[in-house]
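First the structure, in the form of structure tokens, and then the observations on it.
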Amino acid sequence: MKSKFSLYNKKEYLEFIFEKHLKNYSETQEVDVEFLVKIVNLFRPHDINVVYTIDLTPLLNLLEENNDYKKFFSGYLNELLKEKDFDQIISDAGIIKDTDFLYEIRKRLSEKILPFQPSKDSLQFILNQVFYRNTDPQWIERIPEEQIDILIQKLELKSIYTEESKNFELLELLYGIEVLIQRISGRAMESDVNKMVPEFQNFDSPFIAIQREFAELNDKLIRSNKKFITSDDLSYKQVLILHKQCQNYINTAFTNSHKYGISLKVNQSLLRIRQQLDRVKELLPYLVVNSNEDKLQKTRDLSLTLIKYNCNKNNIRQLVNESTQLLSYEVTQHTARTGEHYITNSRKEYFRMFRTACGGGLIVAFLCVFKVLLSKVEASDLGYAFLYSMNYALGFIAIYLLGFTLATKQPAMTASALISALEQGAKTKTESISSKYKSFAVFFARVFRSQFIAFLGNVVMVFPVALLLIWLIDLLFNYNIAHEKWQVLLTDLSPVHSPAIFHSAIAGFFLFISGVIAGSIANRDKHNSVYYRIQEHPVLKKTLGKERTSKIAKIYEKKWAGIISNLWFGVFMGTTASIGLFIGLNLDIRHITFAGGNLALGLYGGDFDIPISMIIWGIFGIGIIGLINFLVSFTLSLSLAFRSRSIPLLELRLVALSIWRFFRERPSAFFFPPKR
């Protein structure tokens, strides 16, 4: 791509702006940043992706040819940058400021729209005006280092290591690092953080030690005539050792999250400490100079580093990625463990899954009839939302507690189990890559056939039982409860005559959310030691006895997350239509098992005198609804699981290819268990 200015035109434009500013320049007036803004805008590329080198030749040639320009530009930059505070860029820019995740998101979003502007005596103000795009550090890195060095020498810009009694730049650097270390120590000593690393409780804190050691190093540098140290300095080496211990402390805290769980607040605290430690690690080498060449190089590198910090200070994507990865991992760890119960291996387990799915279909048949009856109650939209929600929620909880299976609850759980299998395969060093993916394909076949038989069991049971229930009600009370709405029941199943596909996608989304809720509650209770607190509750032990209290704690640990997950799934399913009416949108849910029950109710409600096309579309619609339920919930769960493990999505191609090869070899394995 061609630049807006050719090299010749750039030189002409530079002459123009130099002449203009020289003409209006007065040594008594305040130095204006606009001159530097114009020069930077001239070299900033329009598309960073197609420019590989940024050439400063026009500027260098102009300064070489015209001594007045060089003298003016040198004086201008030195005056502009003279004693400009930058410690806040070091200690604050791009680092989480609060443990409130949503607050941090709102703050960064608002500052993207209306950027925060510090006082004009700070370097951050200049950087905000000059390098205001997120991509600026990228194109600056593409300027050849030799050209930057020549420019620094021509303009006589001093390094940060000038041996002056008051070296302002060094003091700012030291102060910024000191603030970081003090903040790290204060946050690391909080009880919520210490709770995550009981292994360190009987040892001296590395955070207190690094604070003390850096204070000594700081005093040494300030008192020294040389405003730098060498890499063999003992104090510097000690700071690096303690810094490593601090990093190990935080890494251990993150690793222990699977033992103790983790809250969003603690996750944000640990993430803030990690960000601050990483920054200290980046900045400490700038205190070290081993040769004269280092002075120029490190001055240049520090300048680019400060620009990077300032440009990335409102990076929302990075914040979301870092803040949610560990929590999503903990959530999917729970769903992975739960998902293992939905995966059959032997023929015995396969047919047991069929029986439990039949149990789920039996309860859903009652829920379908109850919903039709509840629709005849005189109530407001809010009343219907409550009644339908309780109908769904109590039914789903009953299915869960009785050990039955609802087919579409599986994808949200088994997706994480699949990723765990892929992750374990990746750690196996003895197998070839193709063998690892083939073993994953075999595992996927187990998952697929388990879901297939669960789907079959639900539909096989829900249709006849719903038909039987509506017939018994008609027989006993001489009242066909579906007579008035049979057309609606059947039309809503058609993917052509109704938005059934959209509504089934909504149900799939709620299936995914219910899985996330289950994992979140399990993680929260683990972090708050809820099971242990119940087990050791003094009043419960005195009232119920130690054994019964322990049993209650175990039941809570095993069942509570699932109960709340199913409760919310029922609320989501029951309130969607009412919310749609309130906001004026056609929102509703379609679930495959309920679709099978509604088909039976619709047929009986129409006295079986139904157009054949409506029946065909209804049967076809059940299959489509089930497919969309599965695809949406499974895709969302798989994406979350991939995200939590930092597995690149490109790996899906190899996984899919391996599954396809295995399907061609043994298609029956995807539907029926092996004989052995």
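For segment 628-676, filtered to residues that are surrounded by 15 or more Cβ atoms within 10 Å (Cβ to Cβ) and closer than 17 Å to Phe502 by Cα, the residue that is modelled with the highest pLDDT is Ile628.
Within segment 380-398, can one find any residue that is among the acidic types (Asp, Glu), modelled with pLDDT under 95 and either crowded, with 20+ Cβ neighbours inside 10 Å or not in a helix (DSSP H, G or I) (or both)? No, segment 380-398 has no match at all. Taking Thr252, is it touching a strand residue (DSSP E or B) at 6+ places or on another chain (Cβ under 9 Å) and in contact (Cβ under 8 Å) with a residue 24 or more places away in the chain? So Thr252 fails the test. The single condition from (1) farther than 29 Å from Leu283 by Cα; (2) touching a residue at least 12 places away in the same chain (Cβ under 8 Å) that Tyr76 fails is (1). Within segment 58-72, residues that are in the same structural domain as Tyr13 (by TED's automatic domain parsing) reach partners that are of a type in the set (Lys, Arg) with beta carbons closer than 7 Å, at six or more positions or on different chains, in the pairs Pro58/Lys10; Pro58/Lys11; Asn61/Lys11; Leu62/Lys11; Leu63/Lys70; Leu63/Lys154; Lys70/Lys154. In the condition set (1) farther than 20 Å from Arg446 by Cβ; (2) surrounded by 13 or more Cβ atoms within 10 Å (Cβ to Cβ); (3) modelled with pLDDT under 85, Ile615 is compliant with all but (3).
Listed by position, the helices (runs of 4 or more DSSP H) enclosed by segment 101-170 that each have at least 1 residues that are of a type in the set (D, E, K, R) are 101-113, 136-141, 145-154. Just one of the numbered conditions (1) over 22 Å from Gln129 (Cβ atoms); (2) of a type outside the set (Val, Ile, Thr); (3) at pLDDT 65 or above is not true of Ser6: (3).
Looking at segment 466-497 only, could you name the residues that are surrounded by fewer than 21 Cβ atoms within 10 Å (Cβ to Cβ) and either β-branched (Val, Ile, Thr) or touching a strand residue (DSSP E or B) at 6+ places or on another chain (Cβ under 9 Å) (or both)? Scanning segment 466-497 gives Ile473, Ile481, Val488, Thr491, Val496.
No other residue among Gly574, Gly621 is touching a Phe, Trp or Tyr at 6+ places or on another chain (Cβ under 9 Å) and either farther than 30 Å from Asp474 by Cβ or buried (at least 17 other Cβ atoms within 10 Å of the Cβ) (or both) apart from Gly574.
The values are calculated or read from the model by the stated rules, or taken from the named source; none is laboratory data. Because the structure is a prediction, the values reported are computed rather than measured. Glycine gets a Cβ as well: all are built from the backbone with ideal geometry, and neighbour counts include every protein chain shown.
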